[in-house]
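What follows is a set of notes on a single structure, which appears directly below.
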Amino acid sequence: MKTALITGITGQDGSYLAEFLLKKNYKVIGVMRRSSTTTHERIEHILDKITLAQADMHDQGSLINLIEEYQPTEVYNLAAQSFVHSSWNQPILTGDVNALGVTRLLETIRYVNPKIRFYQASSSEMFGKVQEIPQNEKTPFYPRSPYGVAKVYGHWITVNYRESFNIFASSGILFNHESPRRGLEFVTRKISDGVARIKLGLSDRLNLGNLDAQRDWGFAGDFVEAMWLMLQQSEPNNYVIGTGETHSVREFCEIAFDYVGLEYEKYVINDEHNFRPAEVDLLISDPSQAMKDLGWKYKVSFKELVKMMVDADLNRLEYHHYSN
C-alpha cells in the first residue's frame with residue numbers, strides 16, 4: 001500500500017485529494033499546524049479513514065520527524081497562505097510559508113529519503129501580468145502580488161532540487177479551481193454565498209471588486225486527479241492545469257444570479273476596497289501538455305461549476321436558517 005502525505009489537508013484541494021487517494025487505496029497522512037482552534041469542516045466525513053499529524057512549514061525539525069515517522073511514498077505540498085489579497089497585508093508570512101516552506105520540505109526529503117515523489121502546488125498567479133495568451137509551461141512569469149512572487153520561488157526551488165539532487169519533484173501550475181469547499185474570502189464563493197443569501201432574503205446586496213477580471217475557472221475535484229497523475233509518470237516535470245477557457249467575474253455573477261431567477265445588476269455593488277493594489281486582468285491556460293502526457297481532461301464545465309456552488313450554499317444556508 002502506498003502512503004501519501006498531504007500538507008494543507010484541511011483546505012479545499014487537500015480534502016478533494018484525500019478523497020481521491022483513499023479511492024486509490026492509499027494510506028493518507030494529513031498534516032496540520034498545531035493551533036488552538038482546529039477546523040476539520042472539509043474533511044469531517046473522512047476523519048476515520050485518514051491519519052492526522054502535526055508539523056509546521058516554518059519548522060524544519062517537525063518536518064524531519066514527520067517524514068521519518070510516516071515514510072511516505074508521495075508528498076503533496078498544498079500548504080500555503082492561499083489568499084492573494086491577504087498576501088499584501090502579510091507579505092513576510094506569505095514568503096516564509098509559500099517560498100521557504102517549500103525549501104524546508106524539499107531539504108527534508110533530500111535528507112531523509114530522496115526517493116520520495118514530491119508534488120508542488122504552483123499557481124497561475126505566477127504569470128500575473130501575462131507575457132502571452134494563453135499561458136503554458138514556457139510562458140515567462142511576471143507575478144503581481146507577494147503571493148505570486150512567493151509561488152515563483154517555490155516553483156523554481158522545486159525545479160532546482162529536481163535537477164540538482166535527482167529528486168522526483170513535479171510542479172502543477174494550476175489555474176483557478178473552485179468548489180463548494182472554497183473559502184468565503186474567494187470571489188467565486190463570495191458570489192455563490194451572496195446569491196444564496198439574497199435569494200433567501202438574508203441579504204440585499206453583494207460587494208465585489210473588479211468585475212472585468214478574467215480567470216480560467218475549473219472544478220477542484222477534477223484538478224486533484226492531475227496532481228496524482230503527475231507523480232505516476234516515469235519522469236518529473238512541470239504541467240499547466242486549467243480548462244483553456246476564460247470567464248469574467250461579471251459572467252460568473254450573471255450565471256449565478258440568473259440560476260436563481262435574479263438580475264445581478266440590481267444587487268452587485270462595485271467596492272474599491274475589494275480591488276487589488278496590482279490587478280491581474282486575464283489568465284487563460286494552455287493545458288495541452290498535460291492532456292498529452294497525463295491523459296488528463298477536466299469534466300465539470302464552467303456553468304455546471306457555478307450552479308454546483310450556488311446549490312451548495314442555498315442548501316447550507318437553508319439548513320442553518322431552518323434548524324436554528
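So the values come out like this:
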read-out	value
In Hz, Karplus ³J(HN,Hα) per residue of the stretch 152-165 (6.51, -1.76, 1.60; θ = phi - 60°; x = Gly, Pro)	4, 4, x, 5, 6, 5, 5, 4, 5, 5, 5, 7, 8, 10
Ordering of 7-19, 132-144 by packing [mean C-beta count within 10 Å, highest first]	7-19, 132-144
Interchain or long-range residues, amide H under 5 Å from N238's placed H	S171
Added length on full extension, which subtracts the Cα-Cα distance from 0.36 nm per residue, Q233 to H58	60.0 nm
Per residue Cα convex hull volume in Å³ - calculated over the stretch 149-267	117 Å³
Sorted peptide list for 199-206, 69-76, criterion being average Cβ within 10 angstrom, highest first	69-76, 199-206
Sequence-distant residues sharing a close amide H with F219 (under 5 Å, placed H)	E178, V300
Angle in degrees between helix 249-259 and the longest Cα principal axis of the chain, rounded to the nearest 10	60 degrees
Fraction of antiparallel bridges per DSSP, the chain only, in percent to nearest 5	5 percent
Helix 302-323 vs. the chain, principal-axis angle (Cα, 0 to 90°, nearest 10)	80 degrees
Virtual paramagnetic centre 7 Å along Cα→Cβ of S164, amide N under 17 Å, in the stretch 90-109	99-109
Electrostatic dipole magnitude of the chain [Cβ: Lys, Arg +1; Asp, Glu -1; Cα centre; debye, to 20]	680 debye
Acute angle (nearest 10 degrees) that the helix 60-70 long axis makes with the longest principal axis of the chain, alpha-carbon atoms	80 degrees
Rounded, prolate or oblate (a/c below 1.5 giving rounded, otherwise prolate when a/b exceeds b/c) for the stretch 12-122 by Cα gyration tensor	oblate
Within-10-Å neighbourhood charge of L200 [Cβ basis; K, R +1; D, E -1]	0
Of K199/K303; K266/K307; K138/K292; K2/K138; K2/K49; K24/K138, pairs whose Cα-Cα distance is over 23 Å	K2/K138; K24/K138
Radius of gyration, Dmax [the chain; alpha carbons; angstrom]	19.5, 58
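We did not get these values from a lab; they are worked out from the coordinates using the rules stated. Just so we're clear, the structure is a prediction, and the values are computed from it rather than from any experiment. Heads up, the Cβs are rebuilt from the backbone with ideal geometry, glycines too, and the neighbour counts pull from every protein chain shown.
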